[in-house]
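*Asks:* Sharing a structure below in structure tokens format, with a few things to ask.
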Amino acid sequence: MRRWLRAMVLVLTGCSWLVAPAPAYAQMLMNGAGATFPYPIYSKWFDEYTKVDPEVRFNYQSIGSGGGIKQVTSRTVDFGATDGPMTDEQLKQAPGELLHIPTVLGAVVATYNLPGAPKLKFTGDVLADIFLGKITKWNDAKITALNPGATLPDQPIVVVHRSDGSGTTYIWVDYLSKISPEWQQKVGKGTSVNWPVGLGGKGNEGVSGQVKGQPGALGYVELAYAVKNNLPVASIKNAGGKFVEPTIATTTAAAAGAAKSMPDDFRVSLTNAPGDDAYPVASFTWLLVYKDQPNETKGRALAKFLWWMSHDGQKYADDLLYAPLPGPVVKQIEGKIKQITYQGKPLMAGR
Amino acid sequence: MSVVAAIPQSAERAAPKNIGDRALRIVLKAAALAIVLLVLAMAFEMVRTSVPSMRTFGWSFLVTSTWDPVAERFGAIPFVYGTLVSSFLALLIAVPLGLGAAIYLAELAPARIRPPIAFLVELVAAVPSVIYGLWGIFVLAPLLRTWVQPALGKTLGYLPLFQGPPYGVGMLAAGIILAIMVVPYITAVSREVLLAVPNTQREAALALGATRWETTRIAVLRYGRSGLVGAILLGLGRALGETMAVTMVIGNRPEVAISLFAPGYTMASVIANEFTEATSEIYLSALIEIGLLLFVLTIVVNALARLLVWSVGGPVKTVRE
């Protein structure tokens, strides 16, 4: 019995030690959930933001875009995050008006495994034909015509795609659907699709592992992943007819090119965006917040954070290999943040 | 059972010195009940959330093989096929290996090397499956692609099982990875079963002039056969539900292909792959129905394993007493 008591006491002291470093001031916990792709920069932001406003703590669960949309719709979180914009139908199901706030941009690149790792150029048509299984060999006339300098082997193309549902896939097939009517009709776009050909790898590491090991493989991964791992990447012909290499600058250029025709709700696809420098396979990632906030203090803190994120926060994007928002888009976001209200009263009117 | 029930009742009436016993009883009972409730809640929730998919697709869910999240047409055949074939392949490799190792450890190995090998077996069982998956991608798949599959294609290529381009990843890779993961389970449980066979069995066989192999076969393996089947089924249960390692090497293509070189897909893999980004209700519901199918399959397999393990437990105990 005494030993039992002693164990109890030990456990209790252990617990109190866990609870001990309690905050000295009142804290507000902001709950969010959603996309995994922007998770690294979001956690950086949430961490840095405690220096700006020590009273706000963020708790972000990177459970995927689908989960983010579902949780924000059922109001179990204060904000959601998604890589693909919500559909009209999904927006209708939400109990209040939801705003899409772009945070950063990502790009998706084509990577391949060929002897000598030549620099390759592709058009959207050729990529769509390869992923449809219509072009099956590397020395196909359509590929050699685009790459006159490169020696392309008489080897089958092994297509590698993501097996897990992801925003990366969404961006890639969104681009293919825009370029190729056949793709649009046969496959369509989504976070997972019914692939006509190819092998599925789990995550960026699964795809790149497969591509690295399989001679003749062609797959797609996030720009950040390709840069970090020095993978060979292809230039892709953009809407302006230029072959553009995927970089952070050309990704931001895609958003700048689309800024003029940006719809008011930011639910826009940036693939095949206009502009000479625009890399054609790029996309925003969004935070989802209610236009009319249920809680005044929390709503104000959230609006302030969004403001900080779209201005000061953008400087952290480069290091983490995300493309920052271009100036004109930030201006548009400012207007959107000012629309956030509590019972009809604007929360950021002072700006 | 009535005896067991009588003891706590008297304990409850007794002085507070038995308070510990009472607390223990309540805690343990709660633990046991919690498990039952958990399983029931899981089953209920899965049935409830897969209703939209059942309504829309009905039985066609079980007999069609299109998996198109964009058009929202779902059929489970390729996943059921992939799960069963990869698990069967795993057992085909793991059973001889696991049983062989167990027989050696229990019957033939010198006493001083038994503990280290048994320890190693347990160590292998504790390796996280993502490690197996990464090993599969970076070591096993290239090995299969450059050596094993071309060789198999050359020698046995007339069989439809070994045709097609060598990708490395695919059903064969999944079966091998699963086999490696299942072997330690089969070995460890089989070894326990063989050690539980009473020595009188062996002595009797040897006294009749049986050789070592005959003794093992007639007196030991026959005696413990239902326990050994239980060990194998336990391994099968593990293979059916394994997710991460299989997802990383199976190629994730929802197609029924005869060739073992071709990529396939399993039930656990498709859930792991697509659940997080499934946004529409029917899509989610279809994934949950896949989970329900897997749940039913796993319950059947585990129930069989339990029954067999119990049936071997009986006679061993009586002999020991």
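*Asks:* Out of the stretch B:152-175, which residues are away from chain A (no Cβ under 14 Å) and either in contact with a Gly (Cβ under 7 Å, 6 or more places away or on another chain) or closer than 24 Å to A:V207 by Cα (or both)?
*Replies:* Residues satisfying the conditions are B:F162, B:Q163, B:G175.
*Asks:* B:L260 passes all but one of (1) surrounded by 23 or more Cβ atoms within 10 Å (Cβ to Cβ); (2) part of a loop (DSSP other than H, G, I, E, B); (3) within 14 Å of chain A (Cβ to nearest Cβ); (4) modelled with pLDDT of 85 or more; which number fails?
*Replies:* All conditions are met except number (3).
*Asks:* Are there helices (runs of 4 or more DSSP H) fully within the stretch A:1-110 with at least 2 residues that are at pLDDT 90 or above, touching a Phe, Trp or Tyr at 6+ places or on another chain (Cβ under 6 Å) and more than 14 Å from chain B (Cβ to nearest Cβ)? List them.
*Replies:* Result: A:39-52.
*Asks:* Now, a different point. I'd like the full set of residues that are under 19 Å from the mean Cα position of the chain (by Cα), aliphatic (A, V, I, L, M) and over 24 Å from A:N230 (Cα atoms), limited to the stretch A:79-112.
*Replies:* Hits for the stretch A:79-112 are A:A81, A:M86, A:L98, A:L99, A:I101.
*Asks:* Also, I was wondering about something else. Consider the stretch B:220-247. How many of its residues are surrounded by fewer than 24 Cβ atoms within 10 Å (Cβ to Cβ) and either on the phi > 0 side of the Ramachandran plot or within 14 Å of chain A (Cβ to nearest Cβ) (or both)?
*Replies:* So the count comes out to 2.
*Asks:* Could you give every pair whose Cβ atoms fall below 7 Å, whose first residue belongs to the stretch B:44-58 and is in contact (Cβ under 8 Å) with a residue 24 or more places away in the chain, and whose second residue is polar (S, T, N, Q) and surrounded by 15 or more Cβ atoms within 10 Å (Cβ to Cβ), counting only separations of at least 6 or pairs across chains?
*Replies:* Matching pairs, first to second residue: B:T49/B:S285; B:S50/B:S285; B:P52/B:S285; B:S53/B:S285.
*Asks:* Moving on to the next point. Given the residues A:I248, A:I179, which is the only one that is closer than 21 Å to B:A71 by Cβ, touching an Asp or Glu at 6+ places or on another chain (Cβ under 7 Å) and more than 14 Å from chain B (Cβ to nearest Cβ)?
*Replies:* A:I179
*Asks:* Quick one: is B:R212 touching a residue at least 24 places away in the same chain (Cβ under 8 Å) and closer than 29 Å to B:F119 by Cβ?
*Replies:* For B:R212, the condition - touching a residue at least 24 places away in the same chain (Cβ under 8 Å) and closer than 29 Å to B:F119 by Cβ - is met.
*Asks:* Identify all residues within the stretch B:51-110 that are in contact with a helix residue (DSSP H, G or I) (Cβ under 8 Å, 6 or more places away or on another chain), among the polar types (S, T, N, Q) and either within 26 Å of B:L178 (Cα to Cα) or loosely packed, with under 15 Cβ neighbours inside 10 Å (or both); write none if there are none.
*Replies:* Once the filter is applied, which keeps residues that are in contact with a helix residue (DSSP H, G or I) (Cβ under 8 Å, 6 or more places away or on another chain), among the polar types (S, T, N, Q) and either within 26 Å of B:L178 (Cα to Cα) or loosely packed, with under 15 Cβ neighbours inside 10 Å (or both), the stretch B:51-110 yields B:S65, B:T83, B:S86, B:S87.
*Asks:* Then there's this: Please state which of the following conditions A:T297 fails to meet, knowing it meets all the rest: (1) β-branched (V, I, T); (2) under 20 Å from the mean Cα position of the chain (by Cα); (3) modelled with pLDDT under 95.
*Replies:* For A:T297, the exception is condition (2).
*Asks:* Any residue in the stretch B:265-282 that is buried (at least 20 other Cβ atoms within 10 Å of the Cβ), modelled with pLDDT of 95 or more and either over 20 Å from the mean Cα position of the chain (by Cα) or part of a loop (DSSP other than H, G, I, E, B) (or both)?
*Replies:* yes
*Asks:* For A:L199, are the conditions met, namely being within 9 Å of another protein chain (Cβ to nearest Cβ), touching a helix residue (DSSP H, G or I) at 6+ places or on another chain (Cβ under 8 Å) and of a type outside the set (D, E, K, R)?
*Replies:* yes
*Asks:* Might you check whether a residue that is in contact with a Ser or Thr (Cβ under 6 Å, 6 or more places away or on another chain), more than 15 Å from A:L199 (Cβ to Cβ) and of a type in the set (A, V, I, L, M, F, W, C) occurs anywhere in the stretch B:261-268?
*Replies:* Yes - at least one qualifying residue is present in the stretch B:261-268.
*Asks:* Please determine, by comparing only the residues of the stretch A:114-169 that are buried (at least 21 other Cβ atoms within 10 Å of the Cβ) and polar (S, T, N, Q), which one is nearest to the chain's Cα centre (by Cα).
*Replies:* Among them, the one singled out is A:T168.
*Asks:* For the stretch A:200-230, enumerate the residues that are of a type in the set (A, V, I, L, M, F, W, C) and closer than 19 Å to B:L134 by Cβ.
*Replies:* A:V207, A:V211, A:A217, A:V221
*Asks:* Now a separate question. Evaluate the stretch A:221-238: report whether one residue or more is hydroxyl-bearing (S, T, Y) and away from chain B (no Cβ under 14 Å).
*Replies:* Yes, some residue in the stretch A:221-238 is hydroxyl-bearing (S, T, Y) and away from chain B (no Cβ under 14 Å).
*Asks:* Right, another one. Scan (1) within 12 Å of chain A (Cβ to nearest Cβ); (2) farther than 15 Å from A:G198 by Cα; (3) crowded, with 22+ Cβ neighbours inside 10 Å for the single condition B:I250 breaks and write down its number.
*Replies:* Result: B:I250 fails condition (2) only.
*Asks:* Looking only at the stretch B:135-142, decide whether some residue is away from chain A (no Cβ under 14 Å) and free of Cβ contacts under 8 Å to residues at least 24 places away in the same chain.
*Replies:* no
The values are calculated or read from the model by the stated rules, or taken from the named source; none is laboratory data. All figures in this text were calculated on a predicted structure; none of them were measured in a lab. Ideal geometry is used to build each Cβ from the backbone, glycine not excepted, and the neighbour counts take in all protein chains shown.
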